[in-house]
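Reading through the structure tokens given below for one structure.
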Amino acid sequence: MGNRQWDTVIKIAYILFIFIVILILRPLTVLADAERVSLTPELLQERIKSPQLQEGILTLDLTGLEINLTAENNEFQDDFYHQLQNYFNRSDQAIGLDFSHSLIKGNLMGSSLGLSIVLSPEALPQNLTKAERTIIESHPQFSDRSLEPMSSVILLRGSLKLNQSKITGQVDFANTLFLQKIEANHLNVGKATNFNHANFGRKTDFSQSVFKEDANFTGTQFQEIAKFNEVQFLGEANFYDSQFKQSADFSDVIFNKVVNFSHTSWSNTTKFINANCRDRILFSNSIFSELVTFVNATFEKTIAFRNVYFRNTLNLKDVKLLGIMDFSNAEFFKEKAINIAGFAFDSDGAKILGNTGEMAKYMYLNSIESNETVLHNFIQNFRDSEQIPDANQLEYKKQKLTKQQLSEKIIRTPYQDYWRLSFIQKVGYWVLLNVLLLLSQYGTNFSLLLGVGLISIGYFGVLFWLVDRWRRRLPTPIVPNLYDTICMVSSASSLLFIGILEIFNSAEYPLITLLCLSLILIPIPLSLVTLMYERGRYHDLMETSYFLLDGGFRQLQLLIVRLPIIPEFHFFRDRFTPLVWERRWNWLNYYDFSLNNFLKLGFNDIRLRDQHLPGLISALVWYQWTLGILYIALLFWTLSRTIPGLNLLIYLK
């Protein structure tokens, strides 16, 4: 045979093998159904007389049976519940029920299996153990006062096992108190399920079960671990006002219709990992005391967290949202409360809503790597919803993560690459990014930028006053009078105090922000002033101000295109006169010039003369003018990001 013929033979053999495996496996399920024995009154009596010991508990073995509890078999139905109740009531110890691998045709009624008791100390059965009494007394309706109205429940003392069972009708354990664990792995319920106001005293496990119609767990209490992982709720699921005292696991669950978890209490870790919610899911007015995780969950419609208290972290990593996630009036008690790593907006209608200015504050990412799109989508989501403060906060966090990533790259750069242009550019960008983050939170904090401006204007105003008024002491003193000195010191102190207060109220790291601002304002200007006083001043017009005032203007005006030096044309120069030192309010002119030169806004047109002027003073003025240009650019950029509508291009996708 050739190679091609061998390949053909191998393929045919492989196909035959797969076909045989399918034929073998398929009858197994049919055989399992066929092997079920129909439960008769005689067989029931036989099983009652010979209970099995499972995990230290006597258990009535009803496994692998076909139990007909339909209305057509009414006589057997009555006999079935009657015999079980008599058996449980006569027994001094807890008897479990094991329906594993059984097919129950009709309804399974918990009220006909358990014992009805009144929730008061006097009415409790005497054969209860101490542990059982403790569970009963923890019931919220239990009353130890005889004058109060008494509540009754259905008591089921033994464990209940429904592993791989199939129930064609309804399951009704409403108002039932379970004292032992519930095992219902791979349970299949064909009709409605009712655990309304049930109380599970031990571990509850419904893993991989299927509820084909509505499942009602309203007001249910889970005292220990509750497992619903891989459960399929094909109808509506209602957990309204339920309490989960220990951890709850809804991993890989499928909610096919509306799910109501409103007013629920979650006292321990909660998992909705890989959950698939195909309709609305409601958590309104609930409390999560510990970590709640929705990692890789999918929400096709609305998920409501309105008025929810999150006392620990909410993990939304890799969540896929197609509808609306509503956090209106939700409260968070941790600084890093919402993990949004990998979060995806998977439809045009997907959006997150919440209290403006509150949502983004609690969102966090550990790294920007692979999360640039996540942050971009969140920022755009908040801008589309006109939650501009939230969009700005996330933008600030995004740039902080960028700085962190850039810092790590710089640190890891080998020494021999320090002189490469790419490394120098990287360091330059890192410095610029740090300055933008510290002085304006990357254009998202106007209050912080206002504090920076107040300090800068006041600081340069004092410097201009100092170099103009304090010229020499000998031979003829040219110094300011006491009144001017007091006014300048008090006014500069006030501006400095207001600016620092604004920075401390707005900045995330106020001390580092002040240090950054000091490195910009102090070294170069102070060096120029110090050098000028060391050299001394020996020029004409020593007793005349360096600053000239245009007497033709006394109005608030915007002077963006104006330069700080007087014009050269003599017709304009004639309009400028030196500041008069003797005037009582002359000290205000130095702040006016500083405001003109820095913010390009002022009340008078004050400029620097160009004759008999020390070059160091000119350099000081031009240095502030340059800083002012940069500040105005940063100011307009910040305003465009913080005031909706000022720059509409920013909000367009």
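The values are calculated or read from the model by the stated rules, or taken from the named source; none is laboratory data. Bear in mind the structure is a predicted one, so any value in this text is a computation, not a measurement. Neighbour counts run over all protein chains shown; Cβ positions are idealised from the backbone, glycine included. Side chains are part of the model used for accessible areas, which takes the heavy atoms of the whole protein and leaves out ligands, DNA and RNA. Shrake-Rupley method; radii C 1.70, N 1.55, O 1.52, S 1.80 Å.
For the pair Phe504 and Gln83, how long in nm is the line joining their label points, each one 7 Å along Cα→Cβ?
Inter-label distance under the simple model: 8.3 nm.
First measure r as the distance between the Cβ atoms of Thr626 and His376, then evaluate 1/(1 + (r/R0)^6) with R0 = 35 Å and state the FRET efficiency to the nearest 0.05. All intermediate terms of the calculation are to be shown ahead of the outcome.
Working: r = 33 Å, r/R0 = 0.96.
Working from the Cβ atoms, E equals 0.55.
Quick one: work out Rg over Rh on the C-alpha atoms of the stretch 161-260, Rh as Kirkwood radius.
Working: Rg = 11.9 Å, Rh = 13.0 Å.
My calculation of the ratio gives 0.91.
As a quick test, which of the pairs Lys166/Lys212; Lys257/Lys320; Lys301/Lys351; Lys271/Lys334; Lys203/Lys320; Lys398/Lys426 have an alpha carbon distance above 21 angstrom in this structure? If you can, show how the numbers build up before the last one.
On the way: Lys166/Lys212 11 Å; Lys257/Lys320 18 Å; Lys301/Lys351 11 Å; Lys271/Lys334 19 Å; Lys203/Lys320 31 Å; Lys398/Lys426 18 Å.
From the list (Lys166/Lys212; Lys257/Lys320; Lys301/Lys351; Lys271/Lys334; Lys203/Lys320; Lys398/Lys426), the Cα-Cα distance tops 21 Å for Lys203/Lys320.
Going from the alpha-carbon gyration tensor of the stretch 501-542, what semi-axes, largest first and in whole Å, does one get by taking the root of 5 times each eigenvalue?
Values: eigenvalues 247, 23, 6 Å².
So the equivalent ellipsoid measures 35, 11, 5 Å along its semi-axes.
Okay, helix-only estimate at 222 nm for the chain: each DSSP H run of n ≥ 4 adds -39500 (n - 2.57), divide by all residues, round to 500 deg cm²/dmol; what do you get?
Details: 15 runs with 247 residues, N = 653.
Helices in the chain give a 222 nm mean residue ellipticity of -12500 deg cm²/dmol.
Once both labels are modelled 7 Å past Cα along the beta-carbon direction, what's the Glu568-Arg90 spacing in nm?
Using points 7 Å along Cα→Cβ, the separation is 12.2 nm.
Quote the FRET efficiency, to the nearest 0.05, computed for Thr544 versus Ile522 with a Förster distance R0 of 30 Å and r equal to the Cβ-Cβ distance. Provide the component values of the computation, followed by the final result.
Numbers: r = 29 Å, r/R0 = 0.97.
So, using R0 = 30 Å, E works out to roughly 0.55.
Helix by helix, which DSSP H runs in the chain go 20 Å or more along their axis at the Cα atoms and have an average Kyte-Doolittle hydropathy of 1.0 or more?
Numbers: long enough: 3-35 (48 Å, 1.17); 74-90 (24 Å, -1.74); 388-412 (36 Å, -1.19); 421-440 (28 Å, 1.57); 446-469 (34 Å, 1.64); 482-506 (36 Å, 1.29); 615-642 (40 Å, 1.17).
Those that clear 20 Å and a mean of 1.0 are 3-35, 421-440, 446-469, 482-506, 615-642.
In the stretch 505-653, carbon and sulfur make up what percent of the accessible area (probe 1.4 Å)?
Details: 5560 of 8370 Å².
Ligands and nucleic acids excluded, carbon and sulfur reach 66 percent.
Only one of the listed values, (i) 96, 31, 23; (ii) 47, 30, 26; (iii) 81, 31, 19, was derived from the coordinates as semi-axes √(5λ) of the Cα gyration tensor in Å; which label is it?
Among (i) 96, 31, 23; (ii) 47, 30, 26; (iii) 81, 31, 19, the one derived from this structure is (iii).
Mind checking Rg over Rh on the stretch 506-653, alpha carbons, Kirkwood formula for Rh?
Numbers: Rg = 18.4 Å, Rh = 17.7 Å.
With Rh from the inverse mean 1/r over Cα pairs, Rg/Rh is 1.04.
For the stretch 452-576, what is the Kirkwood estimate of the hydrodynamic radius, computed as the reciprocal of the mean inverse distance between distinct Cα atoms, to one decimal in Å? Could you put the intermediate results ahead of the total?
Numbers: mean 1/r = 0.0574 Å⁻¹.
With all distinct Cα pairs of the stretch 452-576 included, I get 17.4 Å.
At q = 0.23, 0.24 Å⁻¹, what log₁₀ I(q)/I(0) does a Debye calculation on the Cα points of the stretch 361-427 give, no solvent, two decimals?
Listed by q, the Debye log ratios stand at -0.91, -0.96.
Over all alpha-carbon pairs of the stretch 39-90, lay out the pair-distance distribution in 5 Å bins, whole %, shortest bin first.
P(r) over the stretch 39-90, rounded to whole percents: 4, 19, 28, 26, 15, 6, 2, 0.
For Thr356 paired with Leu482, estimate the spin-label separation in nm (one decimal), with each label point 7 Å from Cα along the Cα-to-Cβ line.
Result for the modelled spin labels: 5.4 nm.
May I ask you to compute the full-extension gain from Asn74 to Gln557, defined as 0.36 nm times their residue separation minus their alpha-carbon distance, rounded to one decimal in nm? Write down the numbers at each step before the final one.
Values: separation 483, 0.36 × 483 = 173.88 nm, distance 9.63 nm.
Value of the extension gain: 164.2 nm.
Accessible area per residue of the chain at 1.4 Å probe, in Å²? Working shown, then result.
Numbers: 32390 Å² over 653 residues.
Dividing the accessible area of the chain by its residue count gives 50 Å².
Which value, in Å to one decimal place, does the Kirkwood hydrodynamic radius take for the stretch 286-355 when every pair of different Cα atoms is included? List each step's numbers first, then the result.
On the way: mean 1/r = 0.0825 Å⁻¹.
Kirkwood radius, the stretch 286-355: 12.1 Å.
Could you work out the local net charge near Ile135, counting Lys and Arg as +1, Asp and Glu as -1, over the other residues with Cβ closer than 14 Å to its Cβ?
Values: positive: Lys130, Arg133, Arg157, Lys181, Arg202, Lys203, Lys245; negative: Glu132, Glu137, Glu224.
Net local charge, Ile135 excluded: +4.
Apply 1/(1 + (r/R0)^6) to the Cβ-Cβ distance of Ile512 and Tyr309, taking R0 = 51 Å, and write down the FRET efficiency to the nearest 0.05. Before the final figure, lay out each step's value.
Values: r = 34 Å, r/R0 = 0.66.
Efficiency, rounded to the nearest 0.05: 0.90.
Towards the positive end of the charge dipole of the stretch 348-431, with charges on Cβ (+1 Lys, Arg; -1 Asp, Glu), say which of Gln416, Tyr362, Gln399 has the farthest Cα.
The residue sitting most towards the positive pole is Gln416.
In Å and on Cα atoms, what radius of gyration and Dmax does the stretch 400-490 show?
Just the Cα atoms of the stretch 400-490 yield Rg and Dmax of 22.0, 61 Å.
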